[in-house]
Amino acid sequence: MIVVIQRVSEASVKISGIVKAEIGIGLMILLGVEDADTEEDISWLSKKIVNLRIFPDENMVMNKSLLDIAGEILLISQFTLHASTKKGNRPSYIKAAKPEIAIPMYEKMIISLESELGKSIGTGEFGADMKVSLVNDGPVTILIDSKNRV
């Protein structure tokens, strides 16, 4: 699994012009699932995400986690994170999991993040044409690949 995490002061996702979800201070997360991903990847990433110390403390040092600040999460599925651009100019998405694998993994990630965070999170809709808006705070953007955790 690959996630792109952006620290935000606000974020929202619209589908067909209607706001599906919006958050205030927290993390907007893009999630890419591949066939080799497991529930272990979900568990590890969920814990890592909510405990990342990327929010400022009273001295403006990134020393607080999402849990520490009672922040929110907006999770968006994004198969293009697994794009291969090695050959030619048209990306290949062969590593991205097909919907029959990716949808259940996305849904399990939602449940895992909600459990770790202790509250509901905002989400997009798998496979929908979504318009995501955000104000990246910092800016702070972090890429994590669950396959590179050792």
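No lab work stands behind these numbers, since they all come straight from the coordinates. All figures in this text were calculated on a predicted structure; none of them were measured in a lab. Every residue, glycine among them, receives a Cβ derived from its backbone with ideal geometry; neighbour counts consider all protein chains shown.
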Val135 fails exactly one of (1) within 22 Å of Ser46 (Cα to Cα); (2) in a strand (DSSP E or B), namely (1)
For the range 1-70, which strands (runs of 3 or more DSSP E) that fit wholly inside it have 2 or more residues that are within 13 Å of the chain's Cα centre (by Cα) and closer than 18 Å to Glu116 by Cβ?
-> 2-15, 26-32
Might you check whether a residue that is in contact with a Leu (Cβ under 9 Å, 6 or more places away or on another chain) and surrounded by fewer than 19 Cβ atoms within 10 Å (Cβ to Cβ) occurs anywhere in the range 39-53?
-> yes
Pair list, Cβ < 6 Å and 6+ apart or interchain, from the range 83-101 residues that are in contact (Cβ under 8 Å) with a residue 60 or more places away in the chain to residues that are of a type in the set (Phe, Trp, Tyr) and part of a helix (DSSP H, G or I) | Ala96/Phe79
Might you let me know whether the range 95-105 holds any residue that is under 17 Å from Leu30 (Cβ atoms) and in a loop (DSSP other than H, G, I, E, B)?
-> yes
